[in-house]
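First the structure, in the form of structure tokens, and then the observations on it.
The values are calculated or read from the model by the stated rules, or taken from the named source; none is laboratory data. Please read these numbers as outputs of a predicted model, since none were measured by experiment. Every residue, glycine among them, receives a Cβ derived from its backbone with ideal geometry; neighbour counts consider all protein chains shown.
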Amino acid sequence: MVDEKYSLALVTGAAHRLGRAFALSLAQSGYAILLHYRSSEMQVGQTIADLRSEGVPIYQFGADLTSDVEINSLFKYLDTLPYKLKVLVNSASVMLKGDSREISMSDWDATFALNLRAPFRLAQKAAERMGPGGVIINISDIGARKNWTDYPAYVISKSGLETLTRVLAKTYAPEIRVNAIAPGLVLPSENITQDEWLTLLDRLPLKHPVSINDVIAVLEFLLTNESLTGQVIVVDGGYSLI
């Protein structure tokens, strides 16, 4: 029996960084949360504690989203929960360094498996369970519009994710809306130094990183604006201008 007190939101890659912020925002908005993680066990406990303080039901599931078997296991677990799935946020991704001359095929395939194939499979599975009013939000990157030669697999996979967003939006309309958010420089990756990060920020027209709160504001906007589908909202501090 479905408990209609809460709607369920599934957030992938939700143990840390932006995924954690998305899960927390949804919990604050009154959603029950299914928190997906893969290998971030150290961050999961604190994230779950923070989410539970919001007073909504919180569930967790560890899975390798590059595996169909584990995606199926994730949704088998989801089907045991007493709440109807309304929101999917595809936040899990990987950013492996290696230019087009040297990137290994294993790194290339791993990037596409998590950044593009997994959101597609998750959207398929989620759409089977959502009714009218369902929302899928894919997390892209301003890099989808850039030619970052050190990260070819990453930028191409994110570009593909934006195209996938438009295709799915048309496929699942009018019952389910599908949109994407493309953040700019929010949090430094482990691949760059502090000096490199500051240099990047100095190039931005607005001269400061994108705040997590500004990205969350776009998530909330996409959840509530029922006239938006197939859109990619860029939040980049002007990065796309340079």
>> For the structure I just gave you, tell me whether residue 140 is within 14 Å of the chain's Cα centre (by Cα) and hydroxyl-bearing (Ser, Thr, Tyr).
In response: yes
>> Just to verify a result, which residue in region 80-90, among those that are within 18 Å of residue 176 (Cβ to Cβ) and not basic (Lys, Arg), is surrounded by the fewest Cβ atoms within 10 Å (Cβ to Cβ)?
In response: 83
> Pick from region 26-42 the residues that are in contact with a helix residue (DSSP H, G or I) (Cβ under 7 Å, 6 or more places away or on another chain) and without any contact (Cβ under 8 Å) to a residue 40 or more places away in the chain: which of them is surrounded by the most Cβ atoms within 10 Å (Cβ to Cβ)?
Replying inline: 33
> Just wondering, is there one or more residues in region 176-198 that are in a loop (DSSP other than H, G, I, E, B), modelled with pLDDT of 95 or more and out of contact with any Gly (no Cβ under 6 Å at 6 or more places or on another chain)?
Replying inline: no
>> Is it the case, given these coordinates, that residue 92 is in a helix (DSSP H, G or I), aliphatic (A, V, I, L, M) and under 24 Å from residue 222 (Cα atoms)?
In response: no
> Do we find a residue being more than 30 Å from residue 107 (Cα to Cα) and modelled with pLDDT of 95 or more anywhere in region 32-52?
Replying inline: yes
> Could you count how many residues in region 199-212 are part of a helix (DSSP H, G or I) and at pLDDT 95 or above?
Replying inline: 1
> Taking into account only those residues within region 99-112 that are out of contact with any Leu (no Cβ under 8 Å at 6 or more places or on another chain) and crowded, with 17+ Cβ neighbours inside 10 Å, which is nearest to residue 33 (Cα to Cα)?
Replying inline: 112
>> Can you go through 15, 63, 9 and tell me which one is modelled with pLDDT under 95, under 19 Å from residue 138 (Cβ atoms) and crowded, with 19+ Cβ neighbours inside 10 Å?
In response: 15
> How many of the residues in region 101-145 are among the hydrophobic types (A, V, I, L, M, F, W, C) and part of a strand (DSSP E or B)?
Replying inline: 4
> Out of all the residues in region 27-68, which are of a type in the set (Asp, Glu), more than 16 Å from residue 83 (Cβ to Cβ) and part of a loop (DSSP other than H, G, I, E, B)?
Replying inline: 64
> Just checking, how many residues over region 211-222 are under 21 Å from residue 176 (Cα atoms) and more than 14 Å from the chain's Cα centre (by Cα)?
Replying inline: 2
